[in-house]
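The values are calculated or read from the model by the stated rules, or taken from the named source; none is laboratory data. Since we're looking at a predicted model, the values are computed, not measured. Every residue, glycine among them, receives a Cβ derived from its backbone with ideal geometry; neighbour counts consider all protein chains shown. Surface areas here come from the heavy atoms of the whole protein model, side chains and all, with no ligands, DNA or RNA. Shrake-Rupley method; radii C 1.70, N 1.55, O 1.52, S 1.80 Å.
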Amino acid sequence: MEQKIVTISDALLREAAEKGMDEFLQLFINRYKEVIGGELNAENMGMLNGEQISLLAYDILREEVMDGGFIQLIHNGYGPFIFDNPFAKAMRIMGAHGFSKLIYKGKKLFDKYKEELTGECSDEEFMALFETYPQFDELDDSFVEMEEEVTAILACYVDEHLDLFASVVNE
């Protein structure tokens, strides 16, 4: 599938920036989801560039980890997408060095426990995973503590490298 040029209205960009870093990043994320038809998958991944995919990956990670931790992220099938791709490197390049290190720590745990964490299980069995694998608690806590800073770092990077993330148009 051919890469698309993602456009964002200058007016919407300014409005989102005035509201704060979360809204600013969310504007890009929402626009990417529109372009790919809702959810990133193997068929539509080619429509976005690496930076855009990395921003979507951050959004997925943030949503999953803030909701149910790294265990939920892995159990819901996002482990390979986050840990087996150059996501940690992309975060480092964008300036989120501490977060990048956290992802590398997560990869070690993912590689060690992925079989146990990705199998089919009942809700009860899923909840038991949190007690069985307390190693993930430190990762969860660290991410919660750094999430606001990481979001700010990424928002600054996007703002300073707009052309990598979208084409700004006057409408």
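Observations, loosely collected:
- Amide H to amide H distances under 5 Å link Val169 with Ile8, Ser9, Asp10, where only residues 5 or more positions off or on other chains count and H is placed in the peptide plane.
- FRET efficiency, 1/(1 + (r/R0)^6) with R0 22 Å, evaluated for Asp137 and Asp84 via beta carbons: 0.45
- Degrees between helix 123-132 axis and first principal axis of the chain (Cα, 0 to 90, nearest 10): 80
- Approximate spin-label separation Glu116-Glu43, in nm, with each point projected 7 Å along Cα-to-Cβ: 3.6
- Its Cα centre serving as origin, the chain has a Cβ charge dipole (Lys and Arg +1, Asp and Glu -1) of approximately 760 debye.
- Residue-normalised accessible area of the range 92-171, expressed per residue, 1.4 Å probe, Å²: 63
- For the range 23-63, convex hull of alpha carbons as volume per residue, Å³: 65
- Apportionment of accessible area to carbon and sulfur, the chain, percent (1.4 Å): 49
- From the coordinates shown, percent of Cα pairs over 23 Å apart corresponds to which of [x] 34; [y] 55; [z] 42: [z]
- Mean separation of Cα contacts under 8 Å (6+ apart) over length of the chain, as relative contact order %: 35
- Take the Cβ atoms of Glu145 and Lys107, set R0 to 30 Å, and the FRET efficiency comes out at 0.95.
- Efficiency of FRET from Cβ geometry, Gln3 and Gln26, R₀ 22 Å, rounded to 0.05: 0.50
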